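A.B. asks: Below you will find the structure I want to go over with you.
Readers should treat all values here as calculations from the given coordinates under stated rules, not as data from a laboratory. This is a predicted model, so every value here is computed, not measured. Neighbour counts run over all protein chains shown; Cβ positions are idealised from the backbone, glycine included.
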Amino acid sequence: MTQPFRTASGGQIDRQRPIRFSFDDRTLDGFAGDTLASALLANDVHLVGRSFKYHRPRGILSAGSEEPNALVTVDRGPGRVTPNLRATQIELHDGLTATSQNRVPSLRFDLGAVAGLAAPVLPPGFVYKTFMRPVSFWKRLYEPAIRHAAGLGRAPGQGDPDRYAHQYAHCDVLIIGGGAAGIAAALGASATGARVILCDEQAEFGGSLLSEPGVTIDGWAAPDWVREALASLGESVTLLPRTTAFGAYPGNLIGLAQRLTDHLAQPAPGMPRERLWHVRAGRVILAAGAIERPLVFPGNDRPGMMLAAAARTYLHRYGVKVGSRAVVVTADDSAYRAAADLHAAGVAVAAVVDLRPKPIGPAVEAVRALGIPIHAEMTIGGTAGPRRVDSVRLADGQTIIACDTVLMSGGWTPSVHLLAQSRGEAWTSVGACAGTIDLATCLRDATEAGGSQPGTFAVAGLPELAPSALPLPALPHPKAFVDFQNDVTTRDIATATAEGFVSIEHIKRYTTIGMATDQGKTSNINTIVALAAQIAQDPRAIGFTTFRPPYTPVTFGTVAGRCRGDLFAPIRTSPIASADAVPEEAAGWQRARCYPRTGETIAAATARECLAVRNDAGMADASTLGKIEIIGPDAAVFLNRIYTGDFTTLEPGQCRYALLLGEDGFVRDDGIVARLAADRFHVTTTTGNAAFVLHHMEDYLQTGFPGLRVWLTSVTEQWAVIALQGPRSAEVLAPFIPDIELGAMPRMSVRECHLGDIPIRLFRCGFTGETGFEIYLPPDSAQRAWDTLRQRDVTSYGTEAMHILRAEMGFIHIGQETDGTVTADDLGLGWMISRDKGDFIGNRSLSLPELTRADRLQLVGLLPNEPAMVLEEGAQVTEAGQGPSLGHVTSSYRSATLGRGFALALVAGGRSRIGARLRVPMPSGAIEVTVTDRVFVPRPAERPFVPSPPLPLLPAVARPAPVARPAASVRLAALAPATLLSVRAGPGAATAIGMAIGVLLPTVPCRSVIARERAALWLGPDEWLIQAPEGSTGLEALARRAPADRPASVVDVSQRFRALEIAGPRAAWCLNGFCALDLDPRAFPVGMCTRTLLGQAEVVLWRIGGEVFHIDVPRSLVPYVWACLEEARLEFADESASETPAAG
Amino acid sequence: MLLIPCPWCGPRPENEFRYGGQAHLARPEDPAAVDDAAWGDYLYTRDNPKGRHAERWRHLHGCGRFFNCIRDTVTDRIAGTYKPAEAPPI
């Protein structure tokens, strides 16, 4: 263990804990508390990378996140390779494996460095100017070559196996930056009892104080004061080290990226690698400090060149001397402190070169007293050294000074990046980022900013520093670098201005200055100064480029967070299991595409399923259909305004096909409207439009037609649906229906009856054109009914067969035949427009000239003249196989019933073209088709109904409740089913209902009332959820009877939700992994309830105890919500049980 | 993500809401009495102000209510929200 440049003592490192790591092919030693950069410097490693464009050797410029040069790749195993990490931020740990970047084949000998020799031919705009012609060369030659030559680290080639988390948090005060000012602000805010989050991008709080052992605050050495101050902060302060505030967003939402495990040799299983915090802050205190500027002079980029303050940090914080013989070049007093400190540590300081004409003041005099020569009004004219600087030549052209280190200071740039994104929200800047240099002033101002009286702090040991001036710009020279990371020089800026670019935003884009991953942290001001000199302007008039998030790069995994794999998006599942089906995802649901038998292809299975429906009996799981219960005395009037038909003439027990238009007259959705009672309708929507239709109806009820006494309740998840279709369907069903005469049920009718002992709503309708039924039944009983029918030799059919069967009848499928530009008449459904019922939504638009043109696209059938041919959906339809399009194919299948391909198409003036021959152009040639009517299979005659003796249903099979992974601090369980009522009512009716059911309906938003075993949850100003023990059968009738003269809506929704309970000290934290609400007990007290989002699932969240929450989850989303909560609980899993898989 | 003060539920994160377009567009009392051009305007013509904008939102994943909101389209700051029948705050 050599570490030749490690000091004998001192620093914040732990010399008792040596650490072994590797860099490229070398194994090296450092100490706990080191960064990779400090450990490399301790081992005299200065050449750590090659530059972006010219492959120039580069070293370590800084000691912080502003580092432009020392970018390395860290390899943590397969899939865990992270490129472009700043060596100055990588914490050393055992086994750390880092490699340098952008060198071929090795760092010391790099072939790419030849680009540096060719520097004059790589001016700004080089790529655009050079690789123009021929165009075809771009993809094949230029782009690959440029991508190979440019760039830094390589992207990992495998999927990322790590976990990442998001966390929503709320605080009164967010303090960004945990240096002197940030800590003092936290002291001030903590004293007020405010909820405070203090974050810092470094592993340790303290900022520059950690590099100031000679400074005392209230008698404490600065690093010790930091520890004491942090320990004195109250419980209301959350400390987030290794956490970068990377962006500020509207509403004072701040993004923080927290590094959790990269610094650990062996992270705990289940721990996320990084956590992205969404912090909603009452106010923000920015204490982000300042960044020292490099100086711009020829050859200013060699390894060994470093910011002066960084050298002090390496010396005092890490116990590392950055060289043996240093030259300091500065436009600022602070670099004199570096000269004095390095001298004291035994580093020879050959000279201080000061750009200012007359450097004076205590810091300067202290250095002069050490006998170190000071060259005033001077700069460096050039440097030499192949892989590290070995000498500098002063700008006088004569003085050459041997050295291995050049320390630069061009003054300090406040870190205002985030402030620039705050858009006028409540922010306060304190400390160096507010331009305050004096430490005592920083501390005093910051405590006041925190909300307390200004603190008084006794600071000693700091020399007085004169304010710095902007450094004089260097003359244009090819090798005077302004932007190290993107290799941009003063000459590039000169070239850009010569070509007419004068705006700083244009200079940025043309030269790529400030566009690298460091966002120009060390180059922005120098760019402005250089540009100002070029165009002879005052630098202060130039302006800044936009400070964009992220402040430092955020890895993609962190951005994605938990939205990966199963949690990427919820897939809703039907209560009917279909293990033998080929699954497909449709509109967020998992549906059965078809049910192939062993060895059967999808096409063969689909054909078999279609024929079974046409000739025998088939059944499909249609549970995904949207269902809305519409209740109230004005329900029929309301439906008349929403749909095209006239529902005042619909008798109870009847149902009717319905079309819904937008106000623009175009078809938006279709469905079945069934009248259960005078004031009660059951409406279905398409699967994909369920949420839209409910939203659309609520919109008109709340804002368009207020005053109608109508209420809506989604019952999509309250009812599973089995579509039983085919000539044998009545015969199959009848033995299980004890209480009505199936044979007496007319087409398009509905009955509330029973299937065995199961209460159902039975619809005599279908989507196949066959005799058929849709059985609406409680999801808990759906599997039982499905399995019973299956035993009666009913063929299961999937969505593929469903589409073919409906297309054969010419039935439209919303989203396939419609695209938001299609009218009812275009679809041949003009007869569905009720002309004499009065106004309805979309009616006025139907008479607009554009909607009545004779050449509109109209739905027709197409039969390919070659019967085996199946057209492609979306294919264009033309007269002659080329020329203008007449329309397009909307649906196309092979029909087993017809034994041929057939299609539906929207064709201009299509109905007048029936019998015509048209052509569908395809890459292999035009396909000739004949235009036909859109009905391909005639509606079959009904078979006479033959009654049959009753049969029993299969017995119910209990399904086990899921079991959660053990985690004592946050427990998760599925609760027993309950009786749930959705009540929608005006104030008077609500009071009456509350009296009737024995629990008052709360009028305070988001609050609940519990009485005996019943609870009423406020969900909206006219909406409540009533909870009672399972089997409270009389409750619905009680509630419905109550209002008498004051109408209201009461709907049993017991099946719609399943309740989960999450409890324990970490319950709120785990919920906040997916829920953006403030769950602090002051913001979300016991008894509060609300609909909200948990991940992408809408749930009802109810706090029933300090650490106990109930979550009512739509039953199709239970697996998703369960998986989300398990994911959040993973980091708290009991260790002994960390391998136990969760039951779904 | 905006923080939107629902008139019923208080400030809530934007992901609970659904945007509803420009506010205060009254559906004509008798659409049949409106000529084609005026009806076309009602359907399709909208303001696109730089600055203060009255717009509709619905607390979709909350209390379900529609309401109106005055938002500055430049700064995204919300001056206030109010119930549908109410007048905009100043």
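A.B. asks: Please report the Cα spread of the stretch A:854-936 along all three principal axes, rounded to whole Å, starting with the longest.
C.D. replies: For the stretch A:854-936, the Cα extents along the three principal axes come out at 34, 29, 19 Å.
A.B. asks: Here is a follow-up. From the Cα gyration tensor of the stretch A:333-386, with a ≥ b ≥ c the square roots of its eigenvalues, which class applies: rounded if a/c is under 1.5, or else prolate if a/b is larger than b/c, or else oblate?
C.D. replies: Since a/c reaches 1.5 but b/c is at least a/b, the shape of the stretch A:333-386 is classed as oblate.
A.B. asks: Kindly provide the trypsin sites (Lys or Arg not before Pro) of the stretch A:685-780 that DSSP labels as loop, not H, G, I, E or B, and whose Cβ sees at most 10 other Cβ atoms within 10 Å.
C.D. replies: Within the stretch A:685-780, no trypsin sites (Lys or Arg not before Pro) qualify (loop, at most 10 other Cβ atoms within 10 Å).
A.B. asks: Which values of log₁₀ I(q)/I(0), to two decimal places, follow from the Debye formula for the stretch A:971-1132 at q = 0.13, 0.18, 0.19 Å⁻¹ with a uniform point scatterer at every Cα?
C.D. replies: -0.59, -1.06, -1.16
A.B. asks: Additional query: Return, in residue-number order, each cysteine of chain B whose C-beta is not under 4.7 Å from any other cysteine's C-beta.
C.D. replies: Singleton cysteines: B:C63, B:C69.
A.B. asks: Ok, one more. Find, among the trypsin sites (Lys or Arg not before Pro) in chain B, those assigned to loop by DSSP (not H, G, I, E, B) with at most 12 other beta-carbon atoms within 10 angstrom.
C.D. replies: Passing both the DSSP loop test and the Cβ count: B:R46, B:K50.
A.B. asks: Considering the convex hull of the alpha carbon atoms of the stretch A:582-806, report its projected area averaged over all viewing directions, in nm², one decimal.
C.D. replies: Approximately 12.3 nm², given one-decimal rounding.
A.B. asks: So, in nm, how far is label A:F692 from label B:N15 when the simple model puts each one 7 Å beyond its Cα toward the Cβ?
C.D. replies: Modelled inter-label distance: 2.4 nm.
A.B. asks: Work out the length of the dipole vector of the protein assembly as shown about its Cα centre, built from +1 on the beta-carbon of each Lys and Arg and -1 on the beta-carbon of each Asp and Glu, and round it to the nearest 20 debye.
C.D. replies: In total the dipole reaches around 1340 debye.
A.B. asks: Sticking with the crude label model, points 7 Å out along Cα→Cβ, report the distance from A:A420 to A:D580 in nm, one decimal please.
C.D. replies: 6.6
A.B. asks: Just report the Cα centroid separation between the stretch A:36-101 and the stretch A:891-917, whole Å.
C.D. replies: Cα centroid to Cα centroid, the span is 65 Å.
A.B. asks: Using only the Cα atoms of the stretch A:432-587, build the gyration tensor, take square roots of its eigenvalues as a ≥ b ≥ c, and label the shape rounded, prolate or oblate: rounded if a/c is under 1.5, else prolate if a/b is larger than b/c, else oblate.
C.D. replies: In terms of gyration-tensor shape, oblate.
A.B. asks: Calculated FRET efficiency, A:T598 and A:A868, Cβ-Cβ r, R0 41 Å, to nearest 0.05?
C.D. replies: 0.95
A.B. asks: Sticking with this one: Based on the alpha-carbon gyration tensor of the stretch A:219-278 and its eigenvalue square roots a ≥ b ≥ c, which shape applies: rounded if a/c is under 1.5, prolate if not and a/b is larger than b/c, or oblate?
C.D. replies: oblate
A.B. asks: Starting from the Cα-Cα distance between A:D94 and A:L954, subtract it from 0.36 nm times their residue separation and give me the gain in nm to one decimal.
C.D. replies: 303.3 nm
A.B. asks: Efficiency by 1/(1 + (r/R0)^6): what FRET value for B:A32 and A:R564, r their Cβ-Cβ distance, R0 = 45 Å, to the nearest 0.05?
C.D. replies: With R0 = 45 Å, the Cβ-Cβ based efficiency is 0.25.
A.B. asks: Taking the Cβ-Cβ separation of A:R939 and A:L1000 as r and a Förster radius of 60 Å, what is the calculated FRET efficiency to the nearest 0.05?
C.D. replies: It comes to 0.65.
A.B. asks: I'd like the trypsin sites (Lys or Arg not before Pro) in the stretch A:1-99 restricted to DSSP loop residues with at most 16 other Cβ atoms within 10 Å, sorted by number.
C.D. replies: Passing sites in the stretch A:1-99 are A:R80.
A.B. asks: How much mean residue ellipticity at 222 nm does chain A get from its helices, if each DSSP H run of length 4 or more adds -39500 (n - 2.57) and you divide by all residues, to the nearest 500 deg cm²/dmol?
C.D. replies: -5500 deg cm²/dmol
A.B. asks: Please compute the Cα-Cα pair-distance distribution of the protein assembly as shown with 10 Å bins starting at 0, giving whole percents from short to long.
C.D. replies: With a bin width of 10 Å, the distribution comes to 2, 8, 14, 17, 16, 14, 12, 9, 5, 2, 0, 0.
A.B. asks: Mind checking the full-extension length gain between A:D616 and A:T399? Use 0.36 nm per residue of separation minus the Cα-Cα distance, one decimal, nm.
C.D. replies: Contour length minus the Cα-Cα distance gives 67.8 nm.
A.B. asks: Taking each residue in B:57-68, count the Cβ atoms of any other chain within 10 Å of its Cβ, then average. What number comes out?
C.D. replies: So the per-residue partner count for this stretch is 6.
A.B. asks: Turning to a different aspect of this structure: Quick one: length gained pulling A:W831 to A:A369 fully straight, 0.36 nm per residue minus the C-alpha distance?
C.D. replies: Extra length from A:W831 to A:A369 when fully extended: 156.1 nm.
A.B. asks: Which residues in the stretch A:874-896 have a backbone N closer than 19 Å to a point placed 7 Å from the Cα of A:T821 along the Cα-to-Cβ line?
C.D. replies: Within reach of a label on A:T821: A:874-879, A:883-891.
A.B. asks: What spacing in nm lies between the two simple spin-label points modelled at A:T648 and A:A1083, each 7 Å away from Cα in the Cβ direction?
C.D. replies: 5.1
A.B. asks: What would the Debye equation give as log₁₀ I(q)/I(0) for the stretch A:252-332 at q = 0.17, 0.27 Å⁻¹, counting only Cα atoms as equal point scatterers?
C.D. replies: Each listed q maps to, in turn, -0.93, -1.28.
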